[in-house]
Amino acid sequence: MNETLRGLIETLAERRRLLLEEYERLIRERTPDAAELLASLAVKERKRIYGDAVYTRGLLEISNICKNDCLYCGIRKSNTHCERYRLTPEQIVSCAAEGYALGFRTFVLQGGEDAYFTDGVLCGVVTEIKSRFPDCAVTLSMGERSRESYQRLFDAGADRYLLRHETADMAHYQKLHPPEMSFENRMRCLYDLREIGYQVGCGFMVGSPYQTEKELAQDLKFIETFRPDMCGIGPFIPHKNTPFRDFPAGTLELTCYLLSIIRLIYPSVLLPATTALGTIHPLGRERGIQAGANVVMPNLSPVSVRKQYELYDGKICTGEESAQCRGCLQRRMDAVGYRIVTDRGDIRKDTG
Ligand code: SAH
């Protein structure tokens, strides 16, 4: 690698920030040995704060009904080939109970923007899970809602909220979304969630259509300034029934490179090795952990609906029971020298 690149990596590791143009350069001029250096520094930071522990979250895909029409997403409303489903509150709670017995202490309720899940319904589910399993954290990932709605859900006991910003560049945001969605509202949601007191997760897809190093640099700058508690990044993968069907998927290589950079920007951030990463490569999630990620999210949804929550083509983990999913990830993490732990997995303070 050239001296400039090495210099940028050293500055990043020391100061935890770079200029926008420097992030751009770090991405554009990347080489395999730069990736290796970043990964080793990232793993060192992660070990310093989290040791060899990998946190686990039980993912419950509660509905694929969505009023939005995001151009990349397989469950967008215009996809008439998508067979729609939603879980009942009873089903959601019973999946959580199954997950609890398997050792999960965090549940992530994710879904499309489905009008059925009013504040009343969703608060009921959150309250029920929190009262039956008081030692668990509940994370919601149900898209954009009003501030009042986020407040009610928080008051009902929700601890965390995941809402990927998708891209930190406004013009790029518009290319990925229909005109009725806006970058301003997405950002408004993230800042409201933070102010209300949630632990907040943002994130973006790697290799989304029209994304260049410039947009990725903006994503990194956003993460550096917003300092989310969690950051979900995974490769974009085309879905056959979307307008983006012919765009290429993001790569394992660039996703891992960015995971390492994000770990160095914010050493204690919770960083999942996502299902999308496991989808583009058989060892994608392991590689993600080896690049600096520290969270995995096994699927706890009922097997009968898993195939229907198809955000992108070829999504893995759709055929197995929850216990198998957990066991599979446990073995995968063991194989690369990490240990899945069963606690809530809250963000740790960086005392170094
Ligand atoms: N409705 C919720 C949950 C969306 S699904 C919300 O708006 O937050 C969760 C994430 O999956 C999205 O934020 C998006 O980044 C990712 N995703 C959607 N389609 C994808 C695709 N084709 N490839 C990779 N990731 C995708």
Tally of residues being more than 14 Å from the ligand (Cβ to nearest atom) and either at pLDDT below 95 or in contact with a Cys (Cβ under 7 Å, 6 or more places away or on another chain) (or both) across segment 154-183: 1
Within segment 279-304, tally of residues that are in a loop (DSSP other than H, G, I, E, B) and under 17 Å from residue 110 (Cβ atoms): 5
Enumeration of residues in segment 223-273 that are among the hydroxyl-bearing types (Ser, Thr, Tyr), part of a loop (DSSP other than H, G, I, E, B) and more than 12 Å from the ligand (Cβ to nearest atom): 251, 266, 268
From the options 251, 318, residue that is in contact with a strand residue (DSSP E or B) (Cβ under 9 Å, 6 or more places away or on another chain) and at pLDDT 95 or above: 251
Unmet criterion (only one of (1) part of a helix (DSSP H, G or I); (2) out of contact with any strand residue (DSSP E or B) (no Cβ under 9 Å at 6 or more places or on another chain)) for residue 129: (2)
Residue in segment 83-141 that is farthest from the ligand (Cβ to nearest atom), counting only those that are among the acidic types (Asp, Glu) and under 21 Å from the mean Cα position of the chain (by Cα): 114
Number of the exception - residue 69 against (1) farther than 23 Å from residue 200 by Cβ; (2) in contact with a helix residue (DSSP H, G or I) (Cβ under 8 Å, 6 or more places away or on another chain): (2)
Long-range neighbours under 8 Å by Cβ, at least six apart or interchain, first residue more than 9 Å from the ligand (Cβ to nearest atom) within segment 63-74, second of a type in the set (Val, Ile, Thr) and assigned to a strand (DSSP E or B): none
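What are the residues in segment 4-51 that are among the aliphatic types (A, V, I, L, M) and farther than 30 Å from residue 349 by Cβ, if any? Outline the logic, then answer.
Just the residues of segment 4-51 that are among the aliphatic types (A, V, I, L, M), to begin with: 5, 8-9, 12-13, 18-20, 26-27, 34-35, 37-39, 41-43, 49.
Within segment 4-51, just 5 meets the criteria.
Pull up segment 275-290, narrow it to residues that are farther than 16 Å from residue 339 by Cα and among the hydrophobic types (A, V, I, L, M, F, W, C), then point me to the one that is surrounded by the fewest Cβ atoms within 10 Å (Cβ to Cβ).
Here is the first cut: in segment 275-290, the ones farther than 16 Å from residue 339 by Cα are 275-284.
Filter once more, keeping what is among the hydrophobic types (A, V, I, L, M, F, W, C): 276-277, 280, 283.
Numbers: 276: 25, 277: 29, 280: 21, 283: 14.
That would be 283.
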Residue 278 vs. criteria under 20 Å from residue 163 (Cα atoms), within 16 Å of the ligand (Cβ to nearest atom) and within 15 Å of the chain's Cα centre (by Cα): no
Pairs where the first residue, in segment 75-90, is without any contact (Cβ under 8 Å) to a residue 60 or more places away in the chain and the second is among the acidic types (Asp, Glu) and part of a loop (DSSP other than H, G, I, E, B), C-beta under 9 Å, 6+ apart: 77/69; 78/69; 86/114
Top-ranked residue in segment 133-160 [being out of contact with any strand residue (DSSP E or B) (no Cβ under 8 Å at 6 or more places or on another chain) and among the basic types (Lys, Arg); ranked as surrounded by the most Cβ atoms within 10 Å (Cβ to Cβ)]: 145
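This table checks each residue for (1) on the phi > 0 side of the Ramachandran plot; (2) surrounded by fewer than 18 Cβ atoms within 10 Å (Cβ to Cβ); (3) not small (Gly, Ala, Ser).
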position: 257; (1), (2), (3): no, no, yes
position: 314; (1), (2), (3): yes, yes, no
position: 321; (1), (2), (3): no, yes, yes
position: 347; (1), (2), (3): no, yes, yes
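Examine segment 28-40 for a residue that is of a type in the set (A, V, I, L, M) and in contact with a Gly (Cβ under 9 Å, 6 or more places away or on another chain), and state whether such a residue exists. I'd like the intermediate steps shown before the answer.
At the first step, the residues of segment 28-40 found to be of a type in the set (A, V, I, L, M) are 34-35, 37-39.
Going one step further and asking which of them are in contact with a Gly (Cβ under 9 Å, 6 or more places away or on another chain), we end up with 38-39.
Within segment 28-40, one or more residues are of a type in the set (A, V, I, L, M) and in contact with a Gly (Cβ under 9 Å, 6 or more places away or on another chain).
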Those helices (runs of 4 or more DSSP H) lying entirely in segment 1-98 with at least 2 residues among the β-branched types (Val, Ile, Thr) and on the phi < 0 side of the Ramachandran plot: 3-15, 32-50
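The values are calculated or read from the model by the stated rules, or taken from the named source; none is laboratory data. Just so it is clear, the model here is predicted, and its values are computed rather than measured. Here Cβ is always computed from backbone atoms with ideal geometry, including for glycine, and neighbour counts include all displayed protein chains.
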